[in-house]
1. From the list ALA24, ALA41, ALA49, which one is more than 27 Å from ASN175 (Cβ to Cβ), aliphatic (A, V, I, L, M) and free of Cβ contacts under 8 Å to residues at least 60 places away in the same chain?
2. Among the residues of the range 14-42 satisfying the criterion of being of a type in the set (Ser, Thr, Tyr) and outside any helix (DSSP H, G or I), which is nearest to ILE117 (Cα to Cα)?
3. Between residues in the range 70-92 that are in the same structural domain as VAL38 (by TED's automatic domain parsing) and within 15 Å of SER37 (Cα to Cα) and residues that are buried (at least 16 other Cβ atoms within 10 Å of the Cβ) and among the aromatic types (Phe, Trp, Tyr), which pairs lie under 6 Å by C-beta distance while being six or more apart or on different chains?
4. Restricting attention to the range 1-39, which residues are farther than 23 Å from VAL70 by Cα and of a type in the set (Val, Ile, Thr)?
5. Take ALA116 and tell me if it is modelled with pLDDT of 85 or more and closer than 18 Å to ILE92 by Cβ.
6. Looking at (1) at pLDDT below 90; (2) farther than 15 Å from GLY102 by Cβ, which is the one condition that is false for SER28?
7. If you scan the range 154-176, which residues turn out to be at pLDDT below 85 and among the β-branched types (Val, Ile, Thr)?
8. Residues of the range 43-80 being touching a His at 6+ places or on another chain (Cβ under 7 Å) and either in a strand (DSSP E or B) or crowded, with 19+ Cβ neighbours inside 10 Å (or both), which ones?
Amino acid sequence: MSHARLLLIDDHTLFRTGLRLVLADSPSVAHIIEAGSVMHAVQDHGGAAVDIMLLDIQMPGLNGIEGVKVLRRHFPAARILIVSGTSGLDTIPAEVRREIAGFLPKSADANEIEEAIACCLAGGTHFSGEADAAAPLQTSYAASNLTPRQLEVLHQLTLGRSNKVIAYHMGLSENTVRVHVAAILDHLGVVSRVEAILEAQRRGLVQAVR
């Protein structure tokens, strides 16, 4: 199993400390560093090897949404999980959502936080709150081990859509769609999109399109 090097960015020391304690024994986490703002993250840790950032959305100065592009320049390999105590997923602009790997409310429990980190580390995404709008997908997720986003991509595949069209409909980059498709094929143990659809139908993950 891969182990993530985390960077926690939040202006509340108590929250960072609590999160560090929650994740200290996680099998998905190797190392944790902290910063109280986006600028402190760049100044204190710029150039450090970071796999995943947990970024607070509301901070004085440069907030999380505005800070995404700055962090992208200084930590190009890191995947960003936005965390919020007050704002919902719907408040994040589409162009920012395309730059991040996930969203978590600060009310998330330890299991969901660990799941999000493990998912992002494996190349997937974790957007808490989307499951409310897609309850049937969440039911399948528990049985399939595919993420809700991957199940959405799988549904798009059953409609015969190309990666470009899927990317347009889901507000993702084509490269992200390719990553999801590859993960789906690997999980289902198949080598083509047609086989993936047939296997998914056999497992009851999707329904045959008539």
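The values are calculated or read from the model by the stated rules, or taken from the named source; none is laboratory data. Since the model is a prediction, treat every value here as computed from it, not as a measurement. As a convention, Cβ positions derive from the backbone with ideal geometry for all residues, glycine included, and neighbour counts pool all protein chains shown.
1. So the residue among ALA24, ALA41, ALA49 that is more than 27 Å from ASN175 (Cβ to Cβ), aliphatic (A, V, I, L, M) and free of Cβ contacts under 8 Å to residues at least 60 places away in the same chain is ALA24.
2. SER28
3. Short answer, once both residue conditions are applied: ILE82/PHE103.
4. THR17, VAL22, VAL29
5. Considered against the rule, which asks whether it is modelled with pLDDT of 85 or more and closer than 18 Å to ILE92 by Cβ, ALA116 comes out as yes.
6. (2)
7. THR176 - this is the single residue of the range 154-176 that is at pLDDT below 85 and among the β-branched types (Val, Ile, Thr).
8. Across the range 43-80, there are no qualifying residues.
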